[in-house]
Amino acid sequence: MAKKIYVVKRGRNTGLFNTWEECKAQVEGYQGAVYKGFMDIAEANAWMWGSSSTAPAKKSAAGTSAAAQTSLFCTEKTETFTEDYVVYTDGSCLRNPDGPGGWAAVIRESASGKKKEISGGEPSTTNNRMELMAGIMALKALPEGASVAFYADSQYLQNAFVKRWLSAWKRRGWITSTGTPVKNQDLWAALDAEVQRHKVFFHWVKGHAGNEDNERCDVLAKKEAMKYMD
């Protein structure tokens, strides 16, 4: 039986890989990753280099260890990616930390263009907790297995997935690289569970820079926080 070959055109390391675990380690959490599986080495080479099977195979620098459990895009994909939903989220805390806060999300369905707004708040919280809550509630509102382009102005949220912080925390039993307990573990675990239900690409968007949906989230989050002001 022929063995499948995986080709990574864009990822941490590029080239041909013999196993899905090796391929996954190069593309999981990597923004704009491009990869594909083949049953024929000639087809794999042709797709990678745009030439015949005589093209030299580029060796990967990747190791063979299994990829982390946190999954941003579990299934193989080709160069074309069409998201089912585009999500923008934001969180706010008016007296950070331990002040009134709010979270909000704007969810657009790609097929219809219809937008949905959701929001909520708490009387005593932090900005980071509201950022995470926004992500949890946004993904919870989507049907199982949705493809999602997820935009947030929180690098705290984005980097946990894109830079694989969350995977490392889980491997260490929710301990940071400095040996301290991970803050907001309850919300990170909840967000991780929601990410596992979907195919999510995380993107960072600069806050207060004129992006319509990002600005709308900011307005909604602050409005929720204001409900708890004395």
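The values are calculated or read from the model by the stated rules, or taken from the named source; none is laboratory data. Every value quoted in this text rests on a predicted model; they were computed, and no experiment measured them. Here the Cβ is made from the backbone with ideal geometry for all residues, glycine too, and neighbour counts use every protein chain on show. Keep in mind that these areas ignore ligands, DNA and RNA; they rest on the heavy atoms of the full protein, side chains included. Shrake-Rupley method; radii C 1.70, N 1.55, O 1.52, S 1.80 Å.
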Starting from the Cα gyration tensor of region 167-211, take the square roots of the eigenvalues, sort them a ≥ b ≥ c, and report rounded, prolate or oblate (rounded when a/c is under 1.5, otherwise prolate if a/b is larger than b/c, else oblate).
oblate
Quick one: if the Förster radius is 22 Å, what FRET efficiency do residue 156 and residue 215 give, using the C-beta to C-beta distance and rounding to 0.05?
0.65
Net charge contributed by nearby residues that have their C-beta within less than 12 Å of residue 190 (K/R +1, D/E -1)
0
Can you list the aspartates and glutamates whose alpha carbon sits under 20 Å from that of residue 114, skipping same-chain ones fewer than 8 residues off?
83, 84, 90, 144, 212, 213, 215, 218
What does the extension gain come out to for residue 3 and residue 110, with contour length at 0.36 nm per residue minus their alpha carbon separation?
34.9 nm
With all protein chains modelled, accessible area of residue 39 [1.4 Å, Å²]:
100 Å²
Greater than 28 Å apart at Cα, pairs in 24/222; 4/140; 116/206
24/222; 4/140
For labels at residue 40 and residue 186 in the simple 7 Å Cα→Cβ model, what's the distance in nm?
5.7 nm
Tabulate in residue order the Karplus-calculated ³J(HN,Hα) for region 110-117, using 6.51 cos²θ - 1.76 cosθ + 1.60 with θ = phi - 60°, rounded to whole Hz; enter x for Gly and Pro.
4, 5, 9, x, 5, 10, 10, 10
Reduced to Cα centres, the span from region 166-226 to region 122-161 in Å works out to 5 Å
